[in-house]
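Following: one structure in structure tokens, then a few remarks.
Any read-out appearing in this document is the output of simple, stated calculations on the displayed coordinates, not a laboratory observation. The structure presented is a predicted model; accordingly, all values stated were derived computationally and were not measured. All Cβ positions, even for glycine, are placed from backbone atoms using ideal geometry, and neighbour counts span all protein chains on display.
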Amino acid sequence: MRGGERCLEALCDLFPDAPIYTLFHVKGSVSDTIERHPIIPSFLNRVPFVKNRYRYLLPFFPSAIRRVEFNQYDLVVSSSHCVAKGIRVPRETCHISYVHTPMRYIWDGFDTYFGNTERWNFGRLGMSCFRTRLQQWDIESNAHVSHFIANSHNVAERISRHYGRSACVVYPPVDWQTFQASHRHEGFYLMVTAFAPYKKVDLAIAAANELALPLKIIGQGQDEKRLRRMAGPSIEFLGWQPDHRVRDFYSRCVAILFPGEEDFGIVPLEAMAAGKPVIAYGKGGALETIAPLNPLPKPGENHLDRGVQRSGPSSVRTGVFHYEQSVQAIIEAIQLFSQHHADFDPDAIRAHVEPFDQSHFKRQMEQIIMSCYHEFRRSPLC
């Protein structure tokens with residue numbers, strides 16, 4: 001289950017009778033907790049073969065979400081990584097938007113998703129025609145959001161930069177109590193990821209190839225064929241796995257590889273809840289969840305000049321960072337981790353994650369949503 005789905009599941013627990021409006025829905029594709037709610041997809045859900053081709057409909061997303069009517073509701077909570085925060089609500093309806101990221105496809109991640117200008121790319125050419133219009137809509141649609149909640153300080157900064165709005169922060173939940181600290185491993189490294197360009201799975205595969213590193217990869221997605229062609233004999237693709245199987249692989253691995261820049265990133269938290277260290281790109285949401293063995297470089301300092309920061313009596317180290325998205329940087333991070341593997345305490349790593357447990361998420365969200373709702377009701381505009 002991906003991080004956004006876990007957040008939605010927790011919101012379903014907070015609002016057990018609420019219907020769910022979404023652009024797309026494949027029956028049975030989400031958890032039972034979510035499926036028990038009335039789920040109303042948009043008209044785009046009726047497009048033939050939409051399950052595997054929905055990205056090509058991106059220019060139509062704003063139109064689809066604007067058609068949804070919320071006249072009968074006093075409060076609407078959107079969970080948005082694309083266009084959900086762009087819903088239209090009546091003036092007297094409070095709209096609180098929990099944002100996982102501003103629309104990645106049209107802002108920071110455009111080159112990652114649609115290629116750079118060095119290669120002729122029909123997908124990039126087509127999306128370039130819509131990008132400015134989508135950016136304009138993305139900004140203007142903020143008028144219908146009463147309050148923003150961001151899933152990390154990283155995302156809150158981007159909401160401020162792109163939208164000129166402030167946002168409080170509530171970190172996504174991990175089901176901490178379902179994990180136990182594992183003191184064993186079976187010699188393999190693990191990735192749990194979607195096969196999207198910004199995940200940088202190709203860099204991890206190239207590093208594993210060079211080191212002949214045993215690597216198991218759980219996931220699926222658009223880049224799967226290309227990634228399988230890259231993989232050497234030490235790499236195994238496991239496809240999609242249910243949650244209990246993912247927890248089992250966490251418990252048996254040496255460490256997790258996490259080379260992409262994430263808005264937040266739920267996988268490192270799940271791995272750490274199982275007592276496993278994370279070898280991650282030291283940027284984005286990872287800076288807010290992982291306590292690295294190697295400190296962040298100071299301005300002007302080469303990433304190779306950093307020393308190892310030993311854990312003191314009041315500190316815990318839960319991973320190793322690489323500060324460049326390159327094969328060589330990942331190799332160096334793996335080698336650094338191998339040298340200091342004994343410094344990592346599985347019980348301390350697991351305890352580090354307890355503040356991210358879903359019980360804290362639910363309590364914080366309920367408090368903030370109710371506070372924002374009552375503030376909205378006191379507004380003279382209501």
Too long for a 23 Å Cα-Cα cut-off, among 199/276; 27/200; 27/216; 216/276; 200/283, are 27/200; 27/216
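Place a +1 charge on the Cβ of each Lys and Arg in the chain and a -1 charge on the Cβ of each Asp and Glu, then give the dipole magnitude about the Cα centre in debye, rounded to the nearest 20.
Working: 43 positive and 40 negative charges, 227 e Å.
I would put it at about 1080 debye.
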Measuring from the longest principal axis of the C-alpha atoms of the chain, the long axis of helix 243-252 (C-alpha) lies at a number of degrees, nearest 10, equal to 20 degrees
Given Cβ charges of +1 for Lys and Arg and -1 for Asp and Glu, the option among 259, 218, 282 whose Cα lies farthest towards the positive end of the dipole of the stretch 176-356 is 218
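What's the long-distance tail for the stretch 176-356, i.e. % of Cα pairs beyond 22 Å? Mind showing how you got there, number by number?
Numbers: 6473 of 16290 pairs.
Of the Cα pairs, 40 percent sit more than 22 Å apart.
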One point scatterer per Cα, no solvent, Debye formula: log10 I(q)/I(0) for the chain at q = 0.09, 0.15 Å⁻¹ comes out as -0.55, -1.49
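Net charge near residue 259: determine it from the other residues with C-beta under 11 Å of the C-beta of residue 259, scoring Lys and Arg +1 and Asp and Glu -1.
On the way: positive: 199, 200, 283; negative: 202, 261, 262, 324.
Its environment carries a net charge of -1.
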For 206-213, 188-195, ranked highest to lowest by mean beta-carbon neighbours within 10 Å, the order is 188-195, 206-213
Which residues qualify? For residue 168, with a placed amide H closer than 5 Å and at least 5 residues away or on another chain, they are 148, 150
